[in-house]
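The values are calculated or read from the model by the stated rules, or taken from the named source; none is laboratory data. In this text, all values refer to a predicted model and were calculated from it rather than measured experimentally. For neighbour counting, all protein chains shown are included, and Cβ atoms are generated from backbone atoms with ideal geometry for every residue, glycine included. To get the accessible areas, we keep the full protein, side chains included, count just its heavy atoms, and leave off ligands, DNA and RNA. Shrake-Rupley method; radii C 1.70, N 1.55, O 1.52, S 1.80 Å.
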Amino acid sequence: MKVTNICCIGAGYVGGPTMAVIAQKNPHIKVTVVDVNEARIAAWNHDDLEQLPIYEPGLDAVVAEARNRNLFFSTDVDGAIDAADMVFISVNTPTKTYGKGKGMAADLKYIELCARQIARVSKTDKIIVEKSTLPVRTAQAIKSILHNTGNGVKFQILSNPEFLAEGTAVQDLMAPDRVLIGGEQTEEGFKAIQALVDVYSTWVPDENILTTNLWSSELSKLTANAFLAQRVSSINALSELCEVTGANVGEVANAIGKDSRIGPKFLKASVGFGGSCFQKDILNLVYISKSYGLNEVADYWEQVIIMNDYQKHRFATKIIQTLYNTISGKKIAFLGWAFKKDTNDTRESAAIYVADQLIDEQATIAVYDPKVTAQQMESDLNYLGTRAEEENERFLMAINDPYEACKDAHAIAVLTEWDEFKTYDWQKIYDNMLKPAFVFDGRGILDHKKLETIGFQVYVIGK
Ligand code: NAD
Ligand code: UDX
């Protein structure tokens, strides 16, 4: 079967870039990305590519090439489902905030809504592709909803988890380490798998396209994120031991990373991992393990989260202690609010939690981030619900000039590893700060020797 019309439900960080690349590489396939969020769709359709709802290096060029050729963004969800022979589900699957599994399980209500909508609208056979990250065996639930519609339409369900990382999404999509496709191990299932393999094989080498059964594919996604996050928590755990022993975590990471069995990636000590995926997916893994009675397995993975929370808390505590245990009324400048560089995404960013702890002590936080809006920062802090919104407004200021943000500050904390921070005139920044002037480098990116020569007192995680 040859796919000629794709619909993707969910025009977010995954649906948007993924479909843009699929459309660019397959000019013969019409790709329609739909969403219930009208503002988001309008932004995807904006003439000015700077207004795209997601900032990703290289994304504007891909969208410019494919949009209105064979790539379309629309709010007509029913129409796009009806016309498609392959439907990707790429909606959000956040951690549940209510009921059973609150704070742990993935909230699958948006997935179920999609399945019901597909069931209601479809008049022709379709391949349904799980692009969202889902608990293992979700395909079973989707299948049960789709197969009980009574309209005779046949569905095949595939799992095709997305491994892109934000900030490098286009690069990751253009040259993925692997594309994973899971499907039913039946004749019809193999045909559906092959149809999706054909979509990717227009640009991904065959040896990088892996096919498995549904459950292996679903579980591989949670596992990959758990392993990656576990490396960050492992090096962060060691960063504290380095600080008390005189070892340098950068040197330790470099030394162990040379071992080909360990490898050099994901060993950068930090103020803690953020992002919409790591915490959510590990919590989900813990919940699934517990639901099968596998308590030791659950405890093992939960420790990755405990360590990450501790690292954020430890960084904030270090700032408070260093500033003589009193930061009330002091201005502390944050460089960075996004959860990593080259993205405007702030979900679960360490900056939010560090700011929250410092505001508890009544510090004033002046934030500069090249891509995050003031409104986003306020809403991130308000979402925690720690204090009244008016109070957050009083203590948190977004400043769109880094030198202005650092002016008259007692301390600077680096929360995101944006490259531009390295190129600032640090002498000028120093001259305009209160003394002693402190820098807390939560990302280990600055030239610390140089800063010390200027006169800064510098704290670096893991040194
Ligand atoms: P997102 O919140 O950016 O986008 C999801 C979109 O789906 C939203 O715009 C929302 O309005 C839309 N939506 C929800 N229900 C809908 C419905 N019934 N009909 C139409 N639209 C609907 O989320 P995201 O970051 O793109 O993540 C999507 C999925 O991909 C999640 O399961 C996530 O775990 C997974 N994932 C994310 C990343 C990442 O880096 N963000 C990477 C890999 C996998
Ligand atoms: C992650 C996975 O990498 C990706 O494969 C999956 O599809 C989605 O989840 P993402 O969250 O976008 O991607 O970014 P990632 O580069 O993994 O970084 C996650 C967090 O870990 C960031 O806050 C980052 O700063 C932090 N990190 C990463 C470290 O602190 N140290 C490292 O060595 C690597």
Pro27, sole failed condition from (1) open to solvent by 60 Å² or more (accessible area, probe 1.4 Å); (2) assigned to a loop (DSSP other than H, G, I, E, B); (3) more than 23 Å from Gln194 (Cα to Cα): (3)
Residues located in the range 136-150, provided they are open to solvent by less than 10 Å² (accessible area, probe 1.4 Å) and more than 19 Å from Phe163 (Cα to Cα): Ile142, Leu146
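Between Leu210, Leu222, which is outside the structural domain of Met19 (by the TED database) and in contact with an Asp or Glu (Cβ under 7 Å, 6 or more places away or on another chain)? Spell out the reasoning first.
On the way: Leu210 fails: in contact with an Asp or Glu (Cβ under 7 Å, 6 or more places away or on another chain).
After ruling out the rest, the residue left standing is Leu222.
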Among (1) in a helix (DSSP H, G or I); (2) closer than 20 Å to Phe163 by Cα; (3) of a type in the set (Ser, Thr, Tyr), the one test that Thr93 misses: (1)
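Yes or no, residue by residue, for (1) of a type in the set (D, E, K, R); (2) within 14 Å of the chain's Cα centre (by Cα); (3) within 16 Å of ligand 1 (Cβ to nearest atom); (4) within 23 Å of Tyr403 (Cβ to Cβ):
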residue: Lys318; (1), (2), (3), (4): yes, no, no, no
residue: Ser328; (1), (2), (3), (4): no, no, no, no
residue: Trp337; (1), (2), (3), (4): no, yes, no, yes
residue: Lys341; (1), (2), (3), (4): yes, yes, yes, yes
residue: Ala351; (1), (2), (3), (4): no, no, no, yes
residue: Ala363; (1), (2), (3), (4): no, no, no, yes
residue: Asp369; (1), (2), (3), (4): yes, no, no, yes
residue: Val372; (1), (2), (3), (4): no, no, yes, yes
Some residue of the range 265-285 being within 27 Å of Pro135 (Cβ to Cβ), hydrophobic (A, V, I, L, M, F, W, C), surrounded by fewer than 22 Cβ atoms within 10 Å (Cβ to Cβ) and touching a Leu at 6+ places or on another chain (Cβ under 7 Å): yes
The listed residue being surrounded by 17 or more Cβ atoms within 10 Å (Cβ to Cβ) and within 13 Å of ligand 2 (Cβ to nearest atom), out of Lys290, Lys341: Lys341
Subset of the range 31-50 that is more than 26 Å from Tyr110 (Cα to Cα) and part of a helix (DSSP H, G or I) - its residue that is least open to solvent (accessible area, probe 1.4 Å): Leu49
The lone exception for Phe73 - which of (1) touching a Phe, Trp or Tyr at 6+ places or on another chain (Cβ under 7 Å); (2) near ligand 1 (Cβ under 10 Å from one of its atoms) it fails: (2)
Breaking point among (1) farther than 21 Å from Val286 by Cα; (2) open to solvent by less than 50 Å² (accessible area, probe 1.4 Å); (3) within 16 Å of ligand 2 (Cβ to nearest atom), for Thr133: (1)
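Conditions tested, residue by residue: (1) within 11 Å of ligand 2 (Cβ to nearest atom); (2) in a loop (DSSP other than H, G, I, E, B); (3) not assigned by the TED database to the domain that holds His448.
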position: Phe227; (1), (2), (3): yes, no, yes
position: Asn236; (1), (2), (3): yes, no, yes
position: Ser260; (1), (2), (3): no, yes, yes
position: Lys265; (1), (2), (3): yes, yes, yes
position: Lys268; (1), (2), (3): yes, yes, yes
Answer from Ser216, Ser159, Ser220 - the residue that is closer than 21 Å to Leu285 by Cα, within 16 Å of ligand 1 (Cβ to nearest atom) and over 19 Å from the mean Cα position of the chain (by Cα): Ser159
Breaking point among (1) open to solvent by 50 Å² or more (accessible area, probe 1.4 Å); (2) assigned to a helix (DSSP H, G or I); (3) within 16 Å of ligand 2 (Cβ to nearest atom), for Glu65: (3)
Any hit, the range 118-130, residues being closer than 28 Å to Asn208 by Cβ, within 11 Å of ligand 1 (Cβ to nearest atom) and either open to solvent by 30 Å² or more (accessible area, probe 1.4 Å) or in a strand (DSSP E or B) (or both): yes
Out of Ile412, Ile429, Ile454, sole residue that is open to solvent by less than 10 Å² (accessible area, probe 1.4 Å), over 31 Å from the mean Cα position of the chain (by Cα) and among the hydrophobic types (A, V, I, L, M, F, W, C): Ile429
